[in-house]
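> First the structure, which I've put down as structure tokens, then a few questions once you've had a look.
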């Protein structure tokens, strides 16, 4: 009797597991039925891409004269390969794996109109905008997606919200200033603490102008500055228009670098550093070698803005009180 009961329970358990698998398993259509999720769009027909995250932050990319740029940032050039790769992935999504077909599932799957991981708008040359909502990923090889004009939600392995970056620096060549440091012959740094001029000697060592008697220049500090200037990256291009709020009329620092490769004339580049943003994360800056005003990470430029003359000097040794003349001349106390 007990054995018969166990058999019945086992059958019920198998049926329950089968039912759960049927309910929870993503609906998969046949290969023949699967078609493009976004129809009538080819990668070549897309002329603009807008990406938005759930905080409202937006990246706007557009094609101008055959090249991809950031229109809101002075048409700064974009890595076109990255843009076309994203477009190709979006238009490649198919309807082969249906997850849900009702609006009540949208919030849970993070593909609701007001709750999503990424929203991608593709505008085509005919002026039509096609919108894809990219949601949560139930596993590393699948992401929930839907178009805004349909309640149907599908699984896709073509796109992932975390792979669609929101930082502008990920869409551009972020290198703003490059300096071949072995060819640098002179550096000048001016900030609120003064102006510091450095010159390379014929023996390839550096000197600091106006050293006072007893002062010793700390060349290692300047070396670290030159390393920073060797390849200076931006976090964001701002455009080619000067604005008062950039603070460049009364700069936080002005850095002038003279480079002279052997057998050539010297070339001088000036980097002007403006205000720091309210969050304290970046400065506005402008190089004479570029048309663009940019933001540069605060930790990269903080030293140029805040260091004073003492930073470039080797600190004198701290005297030992026991060896001072006063200590040596002191009369020992009389014996009791």
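> Compute the angle between helix 80-92 and the longest alpha-carbon principal axis of the chain, please, reported from 0 to 90 degrees and rounded to the nearest 10.
So the inclination is approximately 20 degrees.
> What 222 nm value per residue comes from the helices of the chain, counting each DSSP H run with n ≥ 4 as -39,500 (n - 2.57) and dividing by all residues, nearest 500 deg cm²/dmol?
About -6000 deg cm²/dmol.
> Another question, if that's okay. Would you please classify the overall shape of segment 216-268 from the alpha carbon gyration tensor, given that a ≥ b ≥ c denote the square roots of the eigenvalues, rounded means a/c under 1.5, and beyond that prolate means a/b larger than b/c while oblate covers the rest?
Verdict is prolate for segment 216-268.
> Please label the shape of segment 28-170 as rounded, prolate or oblate, based on the square roots a ≥ b ≥ c of the eigenvalues of the alpha-carbon gyration tensor (a/c under 1.5 means rounded; beyond that, a/b larger than b/c means prolate, else oblate).
It is prolate, given that a/c is not under 1.5 and a/b is the larger ratio.
> Could you check the spin-label model distance between residue 67 and residue 297? Points 7 Å from the Cα along Cα→Cβ, value in nm.
Calculated label separation equals 2.7 nm.
> Now, a different point. With angles folded into 0 to 90 degrees, how steeply does helix 219-230 sit against the dominant principal axis of the chain? Use alpha carbons for both and round to 10.
40 degrees
> May I pose another question? Of [x] 0.97; [y] 0.94; [z] 1.24, which one was derived for Rg/Rh (Cα atoms, Kirkwood Rh) from the structure shown?
Computed from these coordinates, Rg/Rh (Cα atoms, Kirkwood Rh) corresponds to label [z].
> Please check: in the Gaussian network model of the chain (C-alpha springs, under 10 Å), which one of 202, 128, 111 has the largest mean-square fluctuation.
202
> A further question follows. Could you calculate the FRET efficiency of residue 140 with residue 36 from 1/(1 + (r/R0)^6), where r is the beta carbon distance between them and R0 is 35 Å, rounded to 0.05?
E(calc), rounded to 0.05, equals 0.90.
> Subtracting the Cα-Cα distance from 0.36 nm times the residue separation, let me have the gained length for residue 92 to residue 115 in nm, one decimal.
Difference between extended and current length: 5.9 nm.
> When the Cα centres of segment 238-264 and segment 85-110 are compared, how far apart do they sit, in Å?
47 Å
> Here is a further query. Can you give me the angle between helix 2-24 and the longest principal axis of the chain, using Cα atoms only, in degrees from 0 to 90, rounded to the nearest 10?
With rounding to tens, the tilt is 70 degrees.
> Place the peptides 186-194, 112-120 in order of packing, highest mean first, counting for every residue the other Cβ atoms within 10 Å and averaging per peptide.
In descending order of packing, they fall as 112-120, 186-194.
> On to the next question. Report the relative contact order of the chain, percent, no decimals, based on alpha-carbon pairs under 8 angstrom and at least 6 residues apart.
This gives 13 percent for the chain.
> Residues in segment 172-203, backbone N under 20 Å from the label point at residue 277 (7 Å along the Cα-to-beta-carbon vector): list them, ranges by number please.
172-177
> Using 0.36 nm per residue, how much length does the chain from residue 219 to residue 44 gain when fully extended, once their Cα-Cα distance is taken away?
57.6 nm is the gain from fully extending residue 219 to residue 44.
> In nanometres, what is the gap between the two model label sites at residue 108 and residue 288, each 7 Å from Cα along Cα-to-Cβ?
6.4 nm
> Compute the orientation-averaged projected area for segment 175-312 from the convex hull of its Cα atoms and round it to one decimal in nm².
The number I arrive at for segment 175-312 is 8.8 nm².
> So, in nm, how far is label residue 197 from label residue 315 when the simple model puts each one 7 Å beyond its Cα toward the Cβ?
Going from the residue 197 label point to the residue 315 one covers 2.9 nm.
Each value in this text was obtained by applying a stated rule to the coordinates, not by laboratory testing. Since we're looking at a predicted model, the values are computed, not measured. In this analysis, Cβ positions are derived from the backbone assuming ideal geometry, glycine residues included, and neighbour counts consider all displayed protein chains.
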